[in-house]
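Have a look at the structure below, then the notes.
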């Protein structure tokens, strides 16, 4: 099937009649706990467009939550997947091995930060990768404790849910949670009580006190950080903070884990977000964009740390599935060959100034921030920094009605996040941002009238 036309086009109301009918079937057969952002059903997708079963074409500013960075049907990904499916779909790498697993690991060993000797283990989901990074760190150090940050998101399993900060919808009613997980304040510049200029130093002081005085550094196996926080609101740490975390970890023999599941593989205008700060983590977790739309995740890190776990201690039935590995090799080739890291920087240059221009002009816009093609607008009640989640929901809904797919995030549900495919055309991107800016402006007027 060819990719959809790369233009926004609406032929019905959103959702259309076929999507509404399918929605009724969904409601009859699926658990209510499976949420949805936009109640449409997709017929095809590619480039910067998602086309639904009613023929409506949406500008994709979500990328399946940063998964389809090379587009949802990149020809190289599709070709490699089709070839692999014809050969075999599964053997379990722990039973009989195949080359694709090794090739993906070798690529990640080459691309992740640092020139030291590295090794990689492949898994299926981001949460699996984070859990296994913690397992590896605990075996390597012989210590139990894990330190994470406020506003963090690391997954939905028992351990990663415990590491995640936001209660609703990720934790409400699901306790008791995993032990030995400790939380330090996140240096959230826009919301730091004494001002953004103090965020790095004061957050580092709080982290040091937690690690050294409250837990005891000799009990801490790992500090796990997102170099840019994702679900927590696309929070970019202030300069110097990540370097301070790395220094603290190294001082006490603590494994520094960079959760690059959303930020990695070109999304932020560097191959990995740690590269912006010159940070070399001990372990890096990847997923999302890695598989080009197929479920694949990885832990990559210092060889001596990765080898701490004895044979049989890592893995899973589907870990590093051969079809997912084939897709990953296609996605990685596209990222490098097509210059998508540079394209992410071009997206930032085109979009972020337009969003920042709203600050001070549109009273509901508190801040515009981000790096590369990981950008966000935080919405507040006029004249305050009080979160305005109802405005964020209204903006996202208005964009959807005009054929633009956006996502809401943030601990307070008040952030519009933008994750366009890195292959989106400049014209389509500009069209989508036009709609977004108009929706924010209109929502500000409605909020003032209310």
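Laboratory data are not the source of any read-out in this text; all were calculated from the coordinates shown. Everything numeric in this text was worked out from a predicted model, so none of it was measured. Counting neighbours? That spans all protein chains shown, and the Cβs are built from the backbone with ideal geometry, glycine included.
Counted by neighbouring Cβ atoms within 10 Å, the residues 177, 234, 41, 101 run from fewest to most as 177, 41, 101, 234.
Based on C-alpha pairs under 8 angstrom that are at least 6 apart in sequence, the chain has a relative contact order of 22 percent.
Fewest neighbouring Cβ atoms within 10 Å first, the residues 5, 54 line up as 5, 54. Reported to the nearest whole Å, the Cα centre-to-centre distance from the range 162-194 to the range 125-147 is 18.
For the chain, modelled as a GNM with alpha-carbon contacts under 10 angstrom, which of 217, 117, 201 fluctuates the most? Its mean-square fluctuation being the largest, the pick is 117.
Where both bridge residues fall in the chain, DSSP classifies roughly 65% of the beta bridges as antiparallel. Taking a ≥ b ≥ c as the square roots of the eigenvalues of the Cα gyration tensor, the range 3-145 is prolate, since a/c reaches 1.5 or more and a/b is larger than b/c. Distance between the modelled labels on residue 397 and residue 425, one decimal in nanometres: 3.2 nm (7 Å Cα→Cβ projection). Annotation: the residues 385, 431, 32, sorted from fewest to most other C-beta atoms within 10 Å of their own C-beta, follow the order 32, 385, 431.
Restricting the calculation to Cα atoms, every distinct pair contributes to the Kirkwood radius of the chain, found to be 22.5 Å.
In the range 77-337, what percentage of the DSSP-assigned beta bridges are antiparallel, given to the nearest 5? Antiparallel bridges make up about 45 percent of those DSSP assigns within the range 77-337. The orientation-averaged projection of the convex hull spanning the C-alpha atoms of the range 77-337 amounts to 13.9 square nanometres.
Using a ≥ b ≥ c from the Cα gyration tensor of the range 351-450 (square roots of the eigenvalues), is it rounded, prolate or oblate, where a/c under 1.5 gives rounded and otherwise the larger of a/b and b/c decides, a/b for prolate? Taking the square roots of the gyration eigenvalues as a ≥ b ≥ c, the range 351-450 is prolate.
Given a 10 angstrom Cα cut-off, can you work out which residue in 204, 94, 159 is the most mobile in a GNM of the chain? The residue that fluctuates most here is 94. Measuring nothing but how far apart in sequence close Cα pairs (under 8 Å, 6+ apart) lie, relative to its length, the range 77-337 scores a relative contact order of 31 percent. When shorter helices are ignored and each DSSP H run of at least 4 residues is given -39500 (n - 2.57), the per-residue value for the chain at 222 nm works out to -11000 deg cm²/dmol. Using a Gaussian network model of the chain with C-alpha springs under 10 Å, which one of 281, 169, 196 is most mobile by mean-square fluctuation? Most flexible of the set in this elastic network: 169. Note on residue 157 and residue 172: their simple-model spin labels are 2.5 nm apart, each label 7 Å out from Cα toward Cβ. Shape of the range 75-121 from the C-alpha gyration tensor: oblate (a/c of 1.5 or more and a/b not above b/c, with a ≥ b ≥ c the square roots of its eigenvalues). Extension gain, residue 437 to residue 18, is 147.9 nm, computed as 0.36 nm per intervening residue step minus the present C-alpha separation.
In this label model, residue 202 and residue 359 are separated by 1.8 nm, measuring between points 7 Å along each Cα→Cβ vector.
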